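Just below is one structure, and these are the notes that go with it.
The values are calculated or read from the model by the stated rules, or taken from the named source; none is laboratory data. These figures come from a predicted structure and were not determined experimentally. All Cβ positions, glycine included, derive from the backbone under ideal geometry; neighbour counts span all protein chains shown. Calculation scope for accessible area: heavy atoms of the full protein, side chains included, ligands and nucleic acids excluded. Shrake-Rupley method; radii C 1.70, N 1.55, O 1.52, S 1.80 Å.
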Amino acid sequence: LVSLTMLRELAPLITAIIVAGRTGSAYTAQIGTMQVTEEVDALRTIGIPPMDLLVLPKLLALTVALPLLTVFADILSVFGGMVMARVLLELSFSDFIDRFPQVVTPTSFLMGVGKAPVFAAIIALVGCYQGFLVRGGADSVGRQTTVSVVQSIFLVIAADALFSIILGGVGLWR
């Protein structure tokens, strides 16, 4: 139960929330600061589209990085569940590992990891969008950074709920 829950739901969701707080806010702050110092306008003036230089690399990088972080979270969470099963339930590591393939299928693992690119796109796009909305000075950067984190977390949770509804509707979520 712990392994299935962590692989399908919690590891991708918690990883995305942490990344939204750390990376999404950094995207907003970086682009927002560039807005305040008029660097984005300078890019447009010399003919470089800000989307090509500022948004696409961040989107692609996070789309690759978040699934890898999710796999790392999967491994550590299953190991943590194995340790807790040993301590609290006196279940040996070998018994846990023997039962693991009976409960967790590759489909379960792939459903969890498959959510990560969607979560990454949400975080990157919201972070960059909020950065482009910065006007004025440092107070606006801080305000938009906060909005970015809150919106990213909300949208990631909403997307996760949507995944559950859709996958449950087609019979993959049992």
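Condition check ((1) under 11 Å from the mean Cα position of the chain (by Cα); (2) under 30 Å from residue 94 (Cα atoms); (3) without any contact (Cβ under 8 Å) to a residue 12 or more places away in the chain; (4) assigned to a helix (DSSP H, G or I)) across all residues:
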| site | (1), (2), (3), (4) |
| --- | --- |
| 32 | no, no, no, yes |
| 35 | no, no, no, yes |
| 52 | no, no, yes, yes |
| 79 | no, yes, yes, yes |
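Is it the case that residue 50 is on the phi < 0 side of the Ramachandran plot, open to solvent by less than 30 Å² (accessible area, probe 1.4 Å) and modelled with pLDDT under 95?
Yes.
Looking at the range 148-161, can you tell me whether even one residue there is closer than 10 Å to residue 28 by Cα and touching a helix residue (DSSP H, G or I) at 6+ places or on another chain (Cβ under 9 Å)?
yes
Residue by residue through the range 81-100, note down the ones that are free of Cβ contacts under 8 Å to residues at least 24 places away in the same chain, open to solvent by less than 90 Å² (accessible area, probe 1.4 Å) and not aromatic (Phe, Trp, Tyr).
82, 83, 91, 92, 94, 95 - these are the residues of the range 81-100 that are free of Cβ contacts under 8 Å to residues at least 24 places away in the same chain, open to solvent by less than 90 Å² (accessible area, probe 1.4 Å) and not aromatic (Phe, Trp, Tyr).
Name the single residue that is surrounded by the most Cβ atoms within 10 Å (Cβ to Cβ) among those in the range 1-34 being over 21 Å from residue 79 (Cα atoms) and of a type in the set (S, T, N, Q).
28
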